[in-house]
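Each value in this text was obtained by applying a stated rule to the coordinates, not by laboratory testing. Just so we're clear, the structure is a prediction, and the values are computed from it rather than from any experiment. Every residue, glycine as well, gets a Cβ built from its backbone with ideal geometry; the counts of neighbours run over all protein chains shown.
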Amino acid sequence: MPENAKKTLIMLAKLLVGAVLMAWVLLGAHWNDFVRSKDGKTTYSVLAAPGPEGRFVVRKGSLWWARTLELSADDLQPVEQADSQTDAPKRYLRPGFLKSISRIQGWMLLAAMAASLTGVLVTALRWWMLLAIQSIRISLWEAVRLTFLGQFYSLIVPGTVGGDIVKAYYVTKHTHAKAGAVLSVFVDRVFGLAALTLVAGAALSGALLSGLGSWSDPMMRYSATVMICVVAAVVGVMSIVLSRRLRRVLHLQRFYKRLPFAKAFESFGQAARVYRRRWKTLAKVGGMMLAAPAIWVAALAILGGSINLPVPWHSYFLYIPLIYILGSVPLTPGGAGWIEYLYLVFFAGLANSSEILAFALLARLFPIAWAIPGMIVAVSGPRLPKIQTMQVELGM
């Protein structure tokens, strides 16, 4: 099969998976406020607020199967109350998607956007420092511009590496050290993955030590399993990249020579030795790597607070890093549908699906917002070739 046809089929398959996942997520949400039957097995859309007698006018089903019913509070399952609210009157109405969106507080949304922007700038600073270790000198402002440009291409190019390729390609215009430029982007991506894992690990430890979480919770055990797998993968990958001896012992030359980016991988050796010789400086960069993901999660936590999402703060720092670690698996373009599905899985016991969907879709505003400056860089700067052309020039 021709290479172009194969890529087209893979992309169509990803688009199909993304469409199916997104449809499943949307169909599982309630657009209007709703109530649940006493046994919790049936949900009803509420057509009108309960009357003086406490009876709800609801609809069951959709389209021509829809039926209008009238239910009393005795027929319904109350909303679970926090321990501090056990004496409060019982509530039965659960917010739907539209109500969740309408609750957003403007000042908190702006604060979340500002925190998200800070995270992007810290990411640019981290990458700039990794370039400096390779003696690739570009201005910090240029690193910021290229980071925004990468955000833009990550959003519009199918797949997960489009933005990284663009950043690496532009940096090579400032230096002859192509391997160092490409490796800096790769190491930055690995650092980001490791940092997300450390943030989640700190949240998990804090929750267990403070009594906010327990090993009896299956989500806690699942989260710990994901973190162990990611840490093992990061340590393994970085050991292979930085250790020529390990690559020789494992006889990896035969393997990676068959890969399409074999030439680039071989040239990584010299660039990797630079990082190995300057491990103290690399460790300092690693020390500050927690800042960007921690700020990013804090921004999303503020966003959740802006719509009154009933999620404790530690849960944001535990689950959101894992959502985006698993979301980086390129099942769909841009993680569309896949990331929303992961939000529903991890936050299932904390809020209803409509509130979670509203939060997940609002969270997508952040990368879209910071892709706009990248679009300006793309339009105002020199015209970029196609991604495939850049891959060839970079030897990837």
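Across segment 350-367, computed HN-Hα scalar couplings (Karplus, 6.51 cos²θ - 1.76 cosθ + 1.60, θ = phi - 60°) run 10, 8, 7, 4, 5, 5, 5, 5, 4, 5, 4, 6, 5, 4, 6, 5, 5, x Hz from first to last residue, x flagging Gly and Pro. The stretch between T42 and W107, if pulled fully straight at 0.36 nm per residue, gains 19.7 nm over its current Cα-Cα span.
Among D217, D39, D164, the order by Cβ neighbours within 10 angstrom, fewest to most, reads D39, D217, D164. Measuring r between the beta carbons of W141 and M220 and using R0 = 35 Å, the FRET efficiency lands at 0.20. Remark: D33, D188 ranked as D33, D188, counting other beta-carbon atoms within 10 Å and listing the fewest first.
The H on the amide N of F34, modeled in the peptide plane, is under 5 Å from the matching H of V46, R94, G96, each at least 5 residues off or on a different chain. Remark on G213: its backbone amide H falls under 5 Å from those of L208, a criterion applied only to residues 5 or more positions apart or on other chains, H modelled at 1.01 Å from N. A straight chain from T68 to L212 at 0.36 nm per residue would run longer than the Cα-Cα distance by 47.7 nm. Annotation: amide H-H contacts under 5 Å for V79 (H modelled 1.01 Å from N, sequence separation of 5 or more, or interchain): R91, Y92.
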